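The values are calculated or read from the model by the stated rules, or taken from the named source; none is laboratory data. Please read all numbers here as calculations on a predicted model, not as lab measurements. Methodologically, a virtual Cβ is constructed for each residue, glycine included, from the backbone with ideal geometry; neighbour enumeration extends over all protein chains shown. For accessibility, only protein heavy atoms count, side chains too; no ligands or nucleic acids. Shrake-Rupley method; radii C 1.70, N 1.55, O 1.52, S 1.80 Å.
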Amino acid sequence: MDVQAKSLKRIPRWEQLIFAGVLFVLFFIKCLHFYSLINVGHFEFPLAAATVFFIAVIYAAIVPFSPKAANVTAVSLYILLSVVMSVDLVYYNYMGKLPSAGLLTMAWQLGGVGGTIKELTGIKQLLPVLDIPLWVIFLAVRPFIKQYIPAKSAPRKLHVTASAALPILCVLIIASYVAFGSFKLQYLPNELLIFHGRDIGNVLSNGSGVDINASDYANGINKNSPFYGVANGKNVFVIQVEALQNFVIGKKYNGQEITPTLNSLIGNDSFYFNNYYYQIGGGNTADAEFAVNNSMYPAGDGASYEKYTDNDFYGLPWLLKDEGYTNLVFHANRGDYWSREKAYPGQGFDDFISIEDMVFYPNEGCVFATGDNKANTDRRLFADVLDHVKDVDGPFYAFTVTLSSHHPFSVALADRYVDGDNPSPNLFNLYIQSISYVDHVIGEFIDELKKEGLYEDSIFVIYGDHYAISQNEEKYKGQIEDLIGGEYDIFDRFNVPLIIHIPGVGTERTVETVGAHVDLMPTLLSLLGVQNNKSLMFGHNLLDPGYEGIVYEVAHVKEGSFITKDIFYVHSEGGINSKVYGKDGVILENKSEYMDKVEDALKALNDCYAILDSNSVLIEKAE
């Protein structure tokens, strides 16, 4: 009797065959939708067929033994991959590429950027999971429905043949695109399961097998560089401004300057780098800090502070400590956010002043002061900076991470300094107000430093950590273009200002050299007249004559992407949809001539990650 019962379980029913057919059709449609939203050119069809192929093979292998088990497996994979697609699409909408396995360890950090995630999550990102509740309800009531519908057996050969035909059909679809279209097998790494499978493999391999010549990155500081040592011995203020983009510099909104303080600094005793671009990884703002203070590329598959907490570093804080500096870092949010309180001692900071060390001022409109989370406005932050630095004996390095201009840019009405704003402001209007507020607060801070006698003997470095408004947010793009008087293109999105102000230096210079966060440390060391024979650096002194500069990007585009003074090359896996943007807005067609630079970019990033993974940042370890 048991044998007969088992045999009956292997007999397929028409409802099982129909169920599987509907499931695979819906899954294929979801795959088409998914690939239409990521950078795969016009190859949604073959890539969707490839994803369905993998599930169809599993289904076909189980059907001969148990049609019911095959359906259970299929629906389980359907639900799982639907969730993966939605998560990938939300992340892609924010970062411009698919998430790695390492980023899953940072899920607890999402509470801090909940408003940003909400803003970027729309119906397109949620579409893959919208039908899951219906499937759950259907599966729950299915046993009751079956009582009233007579079971009808389907021909066994039909079920087995149909299940075997599905993967064959998928292969034929892919083959037809290869034979008669422009699809290449090298594009398959863009397929969902292959991408995540390779990524997990890379995480497990931990960067092994990379051949590195460490001497390529043991560059030191050129003593013959112009302006070498002009800020020697001065106090160092580095201010990383949240979401400060370059398009607001020098612009007016409703007839008023948006950034009068920064504009004034640029016009007096300053170097203004107008071709400076952000570099971040999975740790966003914290990764900008990491790149600036270490001249190392941030981790693309996680947050650098979390991934490399126990590494040995000898970046800017340690080098300044050797010169007798006291190193302080300020941030008016939680100390554990992005693992800062664990990472900062290893970075060389003597003291970290976070919200736990400050008097908390609720109800002042700080964007992060929601629920149980405590955070202060930038005005309160800079008051704490002043209180600490004025009592330091000897030179100091004060690294300050601002907060008030964080997405979604909620600034208290009393702190909005641009008059005549829209009575119902959208994200763009609020961004202008938040940046204007931060600029105003920086001006107040500098005035207080002058009163304390600290201004003249200091150097000020001010830059933006990353973009504020994506190039893809079409509903705000028109307002930005009205402000800047031209197209808001991919250069504008990645472009953040870098201002180095040295009171009394006697020069006002706009530096056209292309650079990014990894270049700030060697540039600042040169101005301070401080040598580095302790650690590897991937950046360059942007004031060195003859260096035109090149930027290798990590986030919001695929690794291998780069920026020069003339082009922005956006790389894609296997070259499936790589694009070359010219400064004049024209998309250039001849992509092959830039492949050497793509290889250079990938080598630099892979070398950096291998050095970080092997804890070989120190020159004595790397040799």
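Each peptide among 282-288, 247-253 gets the average number of other Cβ atoms lying within 10 Å of its residues, and from highest to lowest they stand as 282-288, 247-253. The listed peptides 230-238, 586-594, ordered by packing as a protection proxy, come out as 230-238, 586-594 (highest mean of other Cβ atoms within 10 Å first).
Taking the Cα atoms only, what angle lies between the long axis of helix 67-95 and the longest principal axis of the chain, rounded to 10 degrees? Tilt relative to the chain: about 20 degrees.
Relative contact order of segment 520-562, taken over Cα pairs closer than 8 Å and 6 or more residues apart, is 32 percent. Modelled spin-label separation between E444 and E593, with each label point placed 7 Å from Cα along the Cα-to-Cβ direction: 5.3 nm. With contacts taken as Cα pairs under 8 Å at a separation of at least 6 residues, segment 235-387 carries a relative contact order of 14 percent. Take 322-335, 432-445 and order them by the average number of nearby Cβ atoms within 10 Å per residue, most first; the result is 432-445, 322-335.
Of the options (1) 79, 68, 42; (2) 74, 59, 49; (3) 94, 54, 47, only one is Cα extents along the principal axes in Å as computed from these coordinates, and that is (3).
To the nearest 20 Debye, how big is the dipole of the chain about its Cα centre, given +1 on the beta carbon of each Lys and Arg and -1 on that of each Asp and Glu?
Working: 45 positive and 71 negative charges, 805 e Å.
Charge dipole, the chain, about its Cα centre: 3860 debye, nearest 20.
Provide the net charge surrounding V496, with neighbours chosen by a C-beta distance below 13 Å and charges set as Lys +1, Arg +1, Asp -1, Glu -1. List each step's numbers first, then the result.
Numbers: positive: R493; negative: E242, D465, D492, D519, E553.
Result for the neighbourhood of V496: -4.
Using the alpha-carbon centroid of each, what span in Å lies between segment 462-531 and segment 317-362? So the separation of the two Cα centres works out to 25 Å.
Determine the gain in length on full extension of the stretch S614-E487; use 0.36 nm per residue of separation and subtract their C-alpha separation, reporting nm with one decimal. Spell out each step's value before the answer.
Details: separation 127, 0.36 × 127 = 45.72 nm, distance 4.36 nm.
Length gained, S614 through E487: 41.4 nm.
Between V72 and L126, the contour length at 0.36 nm per residue exceeds the Cα-Cα span by 17.1 nm.
Amide hydrogen proximity for A516: with H placed 1.01 Å from N in the peptide plane, the residues at 5 or more positions away or on another chain lying under 5 Å are Y277. Computed from Cα positions, the angle between helix 156-180 and the longest principal axis of the chain comes to roughly 40 degrees. On a 25 Å Cα-Cα criterion, which of the cross-link pairs K565/K591; K234/K451; K374/K477; K97/K184; K30/K558 come out too long? Pairs exceeding the cut-off: K374/K477. When the surface is traced with a 1.4 Å probe over the full set of protein chains, R509 keeps roughly 110 Å² accessible. Spacing of the modelled spin labels on V178 and F65, each 7 Å from Cα toward Cβ, amounts to 2.9 nm. Relative to the longest principal axis of the Cα atoms of the chain, the long axis of helix 192-205 lies at roughly 60 degrees. In this structure the amide hydrogen of Y417, modeled in the peptide plane, comes within under 5 Å of the amide hydrogens of Y437, none closer than 5 places in sequence on its chain.
Positive end of the charge dipole of the chain (Lys, Arg +1 and Asp, Glu -1 on Cβ, about the Cα centre): tell me which of Y297, L127, H406 has its Cα farthest that way. Among Y297, L127, H406, the one farthest towards the positive end of the dipole of the chain is L127.
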